[in-house]
Amino acid sequence: MNTRSWPRTWWKWLCSLKLAIVLASLTTLLGIGGSLSIPFYPRIFGSMDSLPLGRWLSTFGTQHAGMTWWLWLCCALILMLGLNTACCFIDWLQTLRARWRKTGEYLIHLGFVLVLSGYLWGSLSGFRSEGNRLAVGQTLAIAAMPGHYLRLESFEPIMNESGRPIDLRNHLTLLKGETPLVRKEVRTNHPLIWRGLTILAASFDRVNDGFLFDVAGQGRMELRNGSRIPLPDGGQVIIREYLPHAVRLDNGRIVAGGDTPVNPSLLCEIVLPGHAPLEYRYFLRGPAPRQLAQRGLQLIPRAPVYSPVSILTINLDPGAPIAMAGAATMTMGVVLAMLSFYYKRNRGDRPVL
Amino acid sequence: MTDLASLLLKSAFACYLLSASLYLVHVTVRRPVFWRAAFGLVLIGFGLHTFCLGLRWYLAGYLPVTNLFSTLFFFSWALAATYLYFELRYRIHASGLFIMLLNLLLLGTALTRDAAPRPLIPALDTPLFTLHIVFSFLGYAFFAMAFSIGLLYLLQKRLYTPLLPDLILLRQLNEESIFLGFCLFTLCMIFGGIWAYIAWGYYFSWNIKGLWSFLIWLFYGGMCHAKFVRRWQGTGYALLSMAGFGIVLFTYLGIGLLLSSNHPLD
């Protein structure tokens, strides 16, 4: 081979139509055969949507290489197809003046390359996290973006007449340190999207975060973390901690044993003017502490109190804006290609080689 | 479904059935009156079908294409629309018989199933879903037409009968079906991807349905290129069209009915 002509030969091969057909056919055949194993091995393939592809391949893909080899090969073939498409597009650009009527078709090529590039970037440096529980007023650190936090300002699950949830309205604030970056109402099909970060309302739950009491002389009162009860002598009782299921360890320490109200307890602090604060724990299954009765406060526990908790999905895909640009390019390409097709058909043009 | 919608659907089915019978008569007798009557019946049937679709859409408050009945119903409507497109543009007459028979099969199967629209799950309540399914089934319908024309091409190549259009026209129709099907399916994938992104936070799902849809797109994308290769023109293209529709059918019915996916058909 002439050493001067080999780059040109390689370039022609990379741009070649036949290479595109071979790669597309091989990927299709391989994908058809390999993908049939997906529904039968949920333990391997079931987590593919929960992780970016790069992370999935480096964990499940390598652990189960015998079952996932076809996927590795498909990815390699698609990358080659992307390279082939990119070269084909560049080749077309070089002869644009003569081949401008093919703009629609080549915009589809460019769109595909952009979508593929975006997906590749997102697969390698993206992050996906499901089941992030957040109660109103709480702040959550976003693991994939150090220094960024999410605060749930308000949350309301919307139910229909039969009690089925039809929407989940979250008012979220994205913060960098203490500075709010974005505020948005996040609900079904309306995520918070910010620089590749996507926050979605996935589900909701109810959490037992307090207890309802009859307070003598004051009526019914819901006590949660931070609740305050005024005392007749000018002081107050502050609820420092509510545990739905308090468990006493061997060393005497009290810890949370679960979310179900099996053995609910309150950590109370009595604050009186001129006295040191007094802290004690009130197990609701037992009698009321004498410290309260001494100060004229009678609490009768009635029922656990539940508050809704939003369950959010937090995904980071830095390639998503590129992929979306690719989708827009492809859409333009399709429209132009169809217009050009009818124009050419009306003129009697046909692609006969 | 209301009595009116049910009546419209049965009337459309009767029109299509009669039309297919007249096309069959036309194939043997070759008199213009038969294809004209058959074509008129397809037009009436399609009008009733469209009215029924509009009524169901209005009553449900969303385009009802969410279960097996409604997808069969909508696919059948897309097939009739595709047939009319080719009939009006190229006067293919009985060459579209396969499409009409497939249409009857789908609609006949739909008639035996529960037609009541189900409550829409919140994630489906978006115009992106509507665009996704409309372009999806229109793409499928063009691929079905390509299958039909591919089959006729192979028959014509063997029989050289004046009953069928000439090979050049059949090849042109096949290429047009594939090209338009690919364009519409590309739009289906784009709208589906954007919808998935706002609904689940990623635009490509590794669920088997998503993967096979991408494979369909890739396969027909390859076919759009193959028409420029002399070896694949004509017979090869016809065979590919038929193989491609096999993938489409498996993606639509096989995966939806036999395997667990995020696009269940029940």
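The values are calculated or read from the model by the stated rules, or taken from the named source; none is laboratory data. The shown structure was predicted, so the numbers you read here are calculated from the model rather than taken from an experiment. Heads up, the Cβs are rebuilt from the backbone with ideal geometry, glycines too, and the neighbour counts pull from every protein chain shown. Only protein heavy atoms, including side chains, enter the accessible area calculation; ligands, DNA and RNA are left aside. Shrake-Rupley method; radii C 1.70, N 1.55, O 1.52, S 1.80 Å.
The P(r) of the protein assembly as shown has a tail past 31 Å containing 62 percent of all C-alpha pairs.
Over all distinct alpha-carbon pairs, what is the Kirkwood Rh of region B:19-176 in angstrom?
16.7 Å is the Kirkwood radius here.
Pairwise alpha-carbon distances in region A:3-94 exceed 22 Å for 42% of all pairs. Peptide B:210-220 shows a mean partner chain C-beta count of 5 within 10 Å per residue C-beta.
Computed extension gain for A:Arg183 through A:Leu124, at 0.36 nm per residue and net of the alpha carbon distance, reaches 18.4 nm. Applying 1/(1 + (r/R0)^6) with R0 = 22 Å to the Cβ-Cβ distance of A:Lys102 and A:Asn346 gives a FRET efficiency near 0.85.
For the pair A:Val262 and B:Lys157, label points projected 7 Å from Cα toward Cβ lie 7.3 nm apart. Averaged over the residues of B:178-190, the number of partner chain Cβ atoms lying within 10 Å of the residue Cβ comes to 4. By the helix-only formula, in which each DSSP H run with n ≥ 4 contributes -39500 (n - 2.57) and the sum is divided by residues, chain A has a 222 nm mean residue ellipticity of -11500 deg cm²/dmol. Counting Cβ atoms of other protein chains within 10 Å of each Cβ in B:113-122 and taking the mean gives 2. Dividing the Cα radius of gyration of chain B by 2.2 N^0.38 Å, with N the residue count, gives 1.01. Contact order for chain B, expressed relative to its length and based on alpha carbon pairs under 8 Å spaced 6+ residues apart, stands at 18 percent. Specify whether the C-alpha gyration tensor of chain A places it in the rounded, prolate or oblate class, a ≥ b ≥ c being the square roots of the eigenvalues: rounded for a/c under 1.5, otherwise prolate if a/b is larger than b/c and oblate if not. Prolate shape, in that a/c is at least 1.5 and a/b is the bigger ratio.
In this structure the amide hydrogen of A:Val305, modeled in the peptide plane, comes within under 5 Å of the amide hydrogens of A:Asp209, A:Gly210, A:Phe211, A:Leu212, none closer than 5 places in sequence on its chain.
Counting pairs of alpha carbon atoms under 8 Å apart in space and at least six apart in sequence, what relative contact order in percent does chain A give?
20
Within the listed set B:Ser213, B:Ser76, B:Ser205, the Gaussian network model of chain B (springs between alpha-carbon atoms below 10 Å) gives the highest mean-square fluctuation for B:Ser205.
Converting phi to 3J(HN,Hα) with the Karplus coefficients 6.51, -1.76 and 1.60 and the offset θ = phi - 60°, region B:251-258 yields 5, 6, 9, x, 5, x, 9, 9 Hz in sequence order, with x at every glycine or proline. Put the Cα centre of region A:293-320 next to the Cα centre of region B:149-199 and the gap is 57 Å. Computed from backbone phi with θ = phi - 60° and the Karplus coefficients 6.51, -1.76 and 1.60, the 3J(HN,Hα) list for region A:147-163 is x, 9, 9, 10, 10, 8, 7, 7, 8, 9, x, 9, 10, 8, 4, 8, x Hz; x is used for glycine and proline. Distance between the C-alpha centres of region A:74-93 and region A:176-245: 52 Å, rounded to the whole angstrom. For B:Lys227, nonlocal amide neighbours, meaning residues 5 or more places apart or on other chains whose placed amide H falls under 5 Å from its own, do not occur. With all protein chains kept in place, the per residue accessible area of chain B amounts to 38 square angstrom at a probe of 1.4 angstrom.
For the protein assembly as shown, what is the number of Lys pairs with C-alpha distance below 20 angstrom, counting only pairs 8 or more positions apart or on separate chains? Lysine pairs, 8 or more places apart or on different chains, close enough: 9. Normalised by 2.2 N^0.38 Å, where N counts its residues, the alpha-carbon radius of gyration of region B:121-258 equals 1.16. At q = 0.19, 0.20 Å⁻¹ the log10 of I(q)/I(0) for region A:208-306 amounts to -0.91, -1.00, computed by Debye summation with a single uniform scatterer per C-alpha, solvent ignored.
If you take all other residues with their beta carbon under 12 Å from the beta carbon of B:Tyr153, and give Lys and Arg +1 and Asp and Glu -1, the sum is +1. The B:Phe228 and B:Arg91 beta-carbon pair, evaluated with R₀ = 30 Å, returns a calculated FRET efficiency of approximately 0.60. Taken one residue at a time, the phi angles of region A:123-129 give Karplus couplings (6.51, -1.76, 1.60, θ = phi - 60°) of 5, 8, 10, x, 8, 10, 9 Hz. Gly and Pro are set to x. Semi-axes of the equivalent ellipsoid for region A:262-314, computed as √(5λ) from the eigenvalues of its C-alpha gyration tensor and ordered from largest down, come to 29, 17, 10 Å. With the simple spin-label model, which puts each label point 7 Å out from Cα in the Cβ direction, the A:Val247 to B:Val29 separation comes to 8.5 nm. Among A:Leu124, A:Thr188, A:Leu107, whose Cα lies farthest out toward the positive end of the dipole of chain A, if unit charges sit on the beta carbon of Lys, Arg (+1) and Asp, Glu (-1)? Positive-most Cα among the choices belongs to A:Leu107.
Amide H contacts under 5 Å for A:Gln298: A:Ala216, restricted to partners 5 or more places along the chain or on a different chain, H placed in the peptide plane at 1.01 Å from N. Taking label positions 7 Å along the Cα-Cβ direction at both A:Leu79 and B:Leu169, the computed distance is 5.0 nm, reported to one decimal.
Comparing A:Arg169, A:Arg240, A:Arg128 in a Gaussian network model of chain A, where Cα atoms under 10 Å apart are tied by springs, the biggest mean-square fluctuation is seen for A:Arg240.
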